[in-house]
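Some notes on the structure that comes next.
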Amino acid sequence: MIKYLIFFLGLTILLSNNSSAQKMNEQQIEKKVKELLSKMSLEEKVGQMTQVTLQVVSKKQGTRDQKHELDLAKLEEAIVKYNVGSMLNVYDVAHSLEYWHEIINKIQDIAINKTPNKIPVFYGIDAIHGVTYTKGATLFPQSINMAATFNRDLEEKAGEITSSETRASQIPWNFYPVLDMGRNPLWPRLWETFGEDVYLTTQMGLSYIKGAQGNEMDSDSKLAICLKHFAGYGFPLNGKDRSPAWIGERMMREYFLPPFKAAVEAGAMTVMVNSGENEGIPTHSDYHLLTEILKGEWNFKGFTVSDWEDIKRLYTRDRVADSPKEAVRMAVMAGIDMSMVPMDYSFYEYLLELVKDGKVPISRIDDAVTRILRVKFMVGLFDNPYSKNNNSEVFASPEHSKANLQSARESIILVKNQDSVLPIKKTSKIFVTGPTANLLSVLNGGWTITWQGNEESLYPKEKMTVLEAIESRIGKSNVSYSEGVTFNKDLNTANAIEQAKNSDIIIACIGEPTYCETPGNINNLNLEKAQLNFVKELSKTGKPIVLVMIGGRPRIISEIEKLASGILLAFLPGMEGGTAISEILFGDVNPSGKLPITYPRFVNDFVHYDYKPMEVFDANVFNPQWTFGHGLSYTKFDYSDLSLSSNSISKNENLKVKVNVKNSGVLEGMESVLLYVTDLYGSVSRPVLQLKGFEKISLKPGEQKSIDFTIIPDQLKFIGRDNKEILEAGKFVITVGGLKQEFELK
């Protein structure tokens, strides 16, 4: 203890000239960056651009059976010899809070005590639904679920809590939020997105940034966020991860860039680059996107970081570079500031050679390092490379769990409730079955404790599966259970059928196992035949069936949808998901989630809610299983008196929209009020609907509220034929709750 007190006293004196970023304005930070840069050698600068994974400096892999162990000699080599400025990841299982402190302390000890300019290492982690790699952390519903809440406040709170608990782990940088557009339902990273809509994605992303980073990323409970994955990653032509997209300039600017642009304007200072390619250009080599648009048009002052090994892949996979060294040159000159190498020091060695050979100018190196140092100052690393406050008193606190549970409740979507089969009476005899009924992992998905999230034995025993939550709510004596089938094969259908015959109602929990990234690629969006056939056999008992769909994608269930009386889409509701599902099934919570995607009815019929007019012309039809924004309640909401402040506005005027919403049912409930705009005629074909506003409200039986929206002219702009943003005069329609009003923009 005395040793550490002496060390921290020395550190305080050592850093006394480096005022806290919280106390420095922008000009002061720029001065500090310039001064530091002038003292750095080329080797130090290139090191700042180099990021390696924890595995590189480890003796032992962390697994469920083996404790991770740092190799201090390798760690010193990384920081002192190779001047590494950033590290990331785990190897390969979540660490305890205390062990994270040990790791970060040892890393920063070397950086502060054994390097010439004492530049702290910037540690980053994928904390995408909570601190996924810290044991016992508050793990929220995944992004697709948070989008389904249509509740900005919940997403902001999730950002606050995740940042607080990440800082408690002494980690100041989070690779999140994901602002990719989830517009291909096959894509295995769909669940990491906020869905298919531009406005919803933008609003939820901004809410997260507000909670996670705010205006003081150097504070005790905030951090630097990282936008992923710039840009167009979420729309691969074949639906497979890390595969080509074909997105034209107009489409890119209309659908895929707006969430990133809004986030940059909101203060995002780091951006991770798309692992794929678009129109034949791997994004890690895309000067137009990374430099001309991001840093030029948008005046982005932060830095870009590559994704895992993707600079190397310009040579090994994409074959746009004819050598590993050329891949480094190409990426750096395109605008990559930091390389997630991540398993060796090849980037460092090649880049040094490239600068000395005159193939990468020192001005480009100085630009990249300036950006990296700027963020390090802003996040407070020079003020304290360790943790300002370990936040241990609030880590995984009851308050955090409460916010998590509420998020899960509001994220679950009731899409079918034939003959009011739900909620179920608590005196009923329930048969629970299906492959997702008794697993915690499937409620969370990937990036949970491990990369794939599939180590069920590592999940906290105090959290409840769907089965356990149902038993807890109505008593074990009222519940019987048989798994029936795995995800893709029969186990004991005959036994399950016999148990089902003795029940009042069947709750069939079906869906997907956990997966993340490329291992989650599939060839067919249909739910596996074993599960479809199982539900068909269950239906022969004549008992009412409630399907609970759990998984990251909208698997096709059209052939069994008609066999179910009730259907809940739970997607990936997180650690409190089992509890939330049981509360909704038995009426303790009124469902309020709405679909953030369009759920397809058929394989290959992937039409989004904001489709173009020709998609419903002649023989074409829009016929999804359920459309974007669909979601039922146990009560009834009536919309009335939609009114506009004017039926005609100029290009400099805002439009005020008002609508009344009444709970005409007998239960209290929450409703997401969604406002859509239709541009009736445009020089480029316009979507039939576009979400431009939403508000989540709570109403008691008989209660009515008046909801106000404001439409600003910028919301009526689109990308014209010259690929530039334009605002055209014309007629528009406002739609809210099935009500419509027309106005004209002069």
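The values are calculated or read from the model by the stated rules, or taken from the named source; none is laboratory data. The structure displayed is predicted, hence computed values, not measured ones. Ideal geometry is used to build each Cβ from the backbone, glycine not excepted, and the neighbour counts take in all protein chains shown. Areas reflect the complete protein model, heavy atoms only, side chains present, ligands, DNA and RNA absent. Shrake-Rupley method; radii C 1.70, N 1.55, O 1.52, S 1.80 Å.
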Please report, as a whole percent, how much of the solvent-accessible surface of the stretch 234-282 comes from carbon and sulfur atoms (probe radius 1.4 Å). 56 percent
Express the carbon and sulfur contribution to the solvent-accessible surface of the stretch 305-388 as a percent, rounded to the nearest whole number, probe 1.4 angstrom. 48 percent
Lysine pairs within the stretch 640-707, Cα separation less than 21 Å, 8 or more sequence positions apart or different chains: 13
Excluding ligands, DNA and RNA, the carbon-plus-sulfur percentage of the accessible area of the stretch 689-738 with a 1.4 Å probe reads 45 percent
What percent do you get for the relative contact order of the stretch 610-746 when only Cα pairs under 8 Å and 6+ apart count? 28 percent
Could you state the number of Å between the C-alpha centres of the stretch 602-623 and the stretch 357-389? 48 Å
Between the stretch 125-148 and the stretch 466-509, what is the C-alpha centre distance in whole Å? 29 Å
Helix 398-411 versus the longest principal axis of the chain: what is the Cα-based angle in degrees, 0 to 90, to the nearest 10? 50 degrees
Sorting 706, 730, 693 by the position of each Cα along the dipole of the chain (Lys, Arg +1; Asp, Glu -1; all at Cβ), the one nearest the positive end of that ordering is 706
From the phi angles alone, apply the Karplus equation (6.51, -1.76, 1.60; θ = phi - 60°) to the stretch 599-608 and give each ³J(HN,Hα) in whole Hz, x where the residue is Gly or Pro. 8, x, 8, 10, 4, 6, 9, 9, 10, 7
Note the angle between two axes, namely the Cα long axis of helix 346-356 and the longest principal axis of the Cα atoms of the chain, as a number of degrees from 0 to 90, rounded to the nearest 10. 50 degrees
Between rounded, prolate and oblate, where does the stretch 67-124 land on the alpha carbon gyration tensor, with a ≥ b ≥ c its root eigenvalues, rounded for a/c under 1.5, else prolate if a/b exceeds b/c? prolate
Student exercise, the stretch 93-170 dipole from Lys, Arg, Asp, Glu Cβ charges, in Debye to nearest 20: 280 debye
Output the relative contact order of the chain, whole-number percent, from Cα pairs under 8 angstrom with separation of 6+ residues. 13 percent
For the chain: accessible area per residue (Å², 1.4 Å): 37 Å²
Going highest first, how would you order 692-705, 659-672, 304-317, 201-214 by mean Cβ packing within 10 Å? 201-214, 304-317, 659-672, 692-705
Compare the Cα positions of 401, 381, 412 along the charge dipole of the stretch 371-412 (+1 at Cβ of Lys, Arg; -1 at Cβ of Asp, Glu; about the Cα centre) and return the one farthest towards the positive end. 381
³J(HN,Hα), Karplus 6.51/-1.76/1.60, whole Hz, each residue of the stretch 231-238, x for Gly, Pro: 8, x, 5, x, 10, x, 4, 9
If you count, for each residue, the other Cβ atoms within 10 Å and average over each peptide, how do 642-651, 395-404 line up from highest to lowest? 395-404, 642-651
Per residue of the chain, what 222 nm ellipticity follows from adding -39500 (n - 2.57) for every DSSP H run with n ≥ 4, rounded to the nearest 500? -8000 deg cm²/dmol
When the dipole is taken about the Cα centre of the chain, and only Lys, Arg (+1) and Asp, Glu (-1) are charged at their Cβ, what size is it in debye, to the nearest 20? 380 debye
What is the packing order of peptides 565-574, 678-687, 151-160, taking the mean over residues of other C-beta atoms within 10 Å and listing the highest first? 565-574, 151-160, 678-687
Taking amide hydrogens as modeled 1.01 Å from N in the peptide plane, which residues meet the under 5 Å criterion relative to residue 227, leaving out close sequence neighbours? 270, 271, 272
Could you tell me how far the Cα centroid of the stretch 202-257 sits from the Cα centroid of the stretch 628-678, in Å? 28 Å
Just to confirm a number: summing +1 for Lys and Arg and -1 for Asp and Glu over residues other than residue 517 whose beta-carbon lies under 13 angstrom from that of residue 517, what do you get? -3
Grab the other residues whose beta carbon is less than 11 angstrom from that of residue 362, score K and R as +1, D and E as -1, and report the net. +1
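Rounded to the nearest 20 Debye, what is the dipole magnitude of the stretch 590-746 about its Cα centre when Lys and Arg each give +1 and Asp and Glu each give -1 at the C-beta?
Using Cβ point charges on Lys, Arg, Asp and Glu, the stretch 590-746 gives about 120 debye.
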Can you spot the lysines whose alpha carbon is less than 17 Å from residue 312's alpha carbon? Ignore those fewer than 8 places along the same chain. 325
Treating the angle as unsigned and between 0 and 90°, give the value, to the nearest 10°, between the Cα long axis of helix 198-212 and the longest Cα principal axis of the chain. 60 degrees
Once Lys and Arg get +1 and Asp and Glu get -1 on their Cβ, which of 116, 130, 158 lies farthest toward the positive end of the dipole of the stretch 101-162? 116
Lys and Arg at +1, Asp and Glu at -1: neighbours of residue 482 with Cβ under 13 Å from its Cβ sum to -3
Calculate one ³J(HN,Hα) per residue across the stretch 163-177 by plugging θ = phi - 60° into the Karplus curve 6.51 cos²θ - 1.76 cosθ + 1.60, and present them in order as whole Hz with x for glycine and proline. 5, 4, 6, 6, 5, 4, 7, 6, 10, x, 9, 10, 7, 5, x
